[in-house]
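For reference, the structure discussed in these notes is given below.
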Number of protein chains: 2
Amino acid sequence: MLDLKMAGAGGQGASLGEAAYREMKERLIRGKYRPGYKMTVRAVAEELGVSSTPARDAINRLTSEGALVYAGPKTVIVPVLGELDLKELTTIRIVLEGLASEKAAPFGSEQHIEALGQIQGRISGALDAGNYGEALWHNKEFHFHVYEMAGLPHLVTMIESLWLRVGPSLYNLYPEFAQERNGVRNHQMAMEALAERDGAALRAAFENDIRDGYRLLRLAAGSARM
Amino acid sequence: MLDLKMAGAGGQGASLGEAAYREMKERLIRGKYRPGYKMTVRAVAEELGVSSTPARDAINRLTSEGALVYAGPKTVIVPVLGELDLKELTTIRIVLEGLASEKAAPFGSEQHIEALGQIQGRISGALDAGNYGEALWHNKEFHFHVYEMAGLPHLVTMIESLWLRVGPSLYNLYPEFAQERNGVRNHQMAMEALAERDGAALRAAFENDIRDGYRLLRLAAGSARM
DNA sequence: TTCGCAAGTTTGTTGCAACAAAATTGCGAC
DNA sequence: GTCGCAATTTTGTTGCAACAAACTTGCGAA
């Protein structure tokens, strides 16, 4: 059991409910909870070392963002994405992340490229170590480092909520991801496009990355048809 | 003071927190609260006739969706959109609502056209009566009736959260809207495009509608340049 | 008059206990 | 062995009181 009341690390600056929310969000993106996992107020409270009110706050907030869903009148679970959900979310991701990356392109700079290169290094390292949760986390950092360059905070927030929805499902396929390493090539392309401040190319790189993830997810889900 | 504990109307089927959330959401879209209005837990609780817990739930949820924002460490207000916010949100709206309308086009039918015609009638009626809040509400119904046809629930949810953010600001310009009635022409075009199941035309109609609203908002905000 | 500080007030947060509803378990009949 | 129902447990919801932090007000000094 973790105690959020201590540990200024990460969860600083806000209320317990806020801290609980952030902690749960990070765990979700890291793939700590699998699709279908049942979230209960008391369990979360116990796990994070807080009372039920902040735990409930976090769950409610996550639920209203779609990161958790109702499976019954009185049960919230980590969403199990169906074929249609996956397809829809991918379509939205392509549109939104495509927009963000294209708008980010003009802000390309040495510093940004270097930062991305370092993040990419951490992804590879985590992949080598077989630590998928860590790789997933750094992968998120890579994408959002670019998206945030555009200076469109509302857009970033919306994209983040999309990642929260697909995150847990992504974890399931990471063994394949580690094998194929499609992401590496796409990220490489992204860095090159950014160096040239080529919006169309940057958008294409990210759209490819998203589509590749979608294809793997489809395969992992058992459906053959693309 | 309204008492949500009674009145199954609209708020049926769920907890008090859920009902409070829906009520506040509707009030926000109807433009009952102006940008900058300060929301306090106790005031909302009093206004809706519930205790502080469900009121707090509603405020938290609205805040996490961006429909309310923090103006200080301990104050949440109805967002006051700046020029940049408005521009960004409009860009996102065009992309997302454009996608939704285009995907909805193939589902055009007699029934849908008729339903839209009726809603349009209610908009005109409310406009004639000078009831902006009502007109705003029916305008939302018009748009979402189309968006929901596409069968993409995640997308609809995301668009709804965008409306929640711009709603209060929209109210401010409705007197101009009532005068010009740009919306009428765009809605007319949308119905025609839907009758022909023309995705591109439907998308164009909605994009125009969004852009027209944005132009008016810019004018109302005092900025001259488009 | 203006600035600063202190007392008082407002307001969000948190923990908790009581309650109701849903889910689960287990027992018994067929 | 299976189905159905009832008792039990689990779990979300709600109201409330205590607390702490932020904000407001007003008085007094310069």
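List of remarks:
- Packing rank of B:45-53, B:16-24, where each peptide gets the mean count of other beta carbons within 10 Å, highest leading: B:16-24, B:45-53
- Note on the protein assembly as shown: percent of Cα-Cα distances in each 10 Å bin, starting at 0 and stopping at the bin with the largest distance, equals 4, 18, 29, 28, 16, 5, 0.
- Order of A:Met39, A:Met189 under a 10 Å beta carbon neighbour criterion, fewest first: A:Met189, A:Met39
- Of A:Gly167, A:His187, A:Ile119, farthest towards positive along the dipole that unit charges on Lys, Arg, Asp, Glu beta carbons give chain A: A:Gly167
- Normalised by the number of residues in chain A, the average gap of Cα pairs under 8 Å and 6 or more apart makes the relative contact order 25 percent.
- Debye intensity ratio in log₁₀ form over the Cα atoms of chain A, taken at each q of 0.17, 0.18 Å⁻¹: -1.28, -1.37
- Chain A: DSSP helices with Cα axial extent of at least 24 Å and average Kyte-Doolittle hydropathy no lower than -1.0: A:83-104, A:110-128, A:132-149, A:153-172, A:199-220
- Amide H within-cut-off set for B:Val76, under 5 Å, with H built and near neighbours excluded: B:Met39, B:Ala71
- Peptide B:156-163 - average C-beta neighbours from other chains (10 Å radius): 2
- The mean number of Cβ atoms from other chains found within 10 Å of a Cβ in peptide A:145-152 is 1, as a whole number.
- Per-q log10 I(q)/I(0), region A:16-77, q = 0.19, 0.20, 0.27, 0.29 Å⁻¹ (Debye; single scatterer per alpha-carbon; no solvent): -0.61, -0.68, -1.29, -1.45
- Per residue Cα convex hull volume in Å³ - calculated over region B:6-120: 150 Å³
- Region A:62-121 - convex hull of alpha carbons, volume per residue in Å³: 134 Å³
- For A:Tyr147, the shell of other residues with beta-carbons less than 15 Å away shows a net charge of -4, using +1 for Lys and Arg and -1 for Asp and Glu.
Computed from the coordinates by the stated procedures, all read-outs in this text should not be read as laboratory data. This one's a predicted model, so the numbers in the text were calculated from it and none came from an experiment. We place every Cβ from the backbone using ideal geometry, glycine too, and count neighbours over all the protein chains shown.
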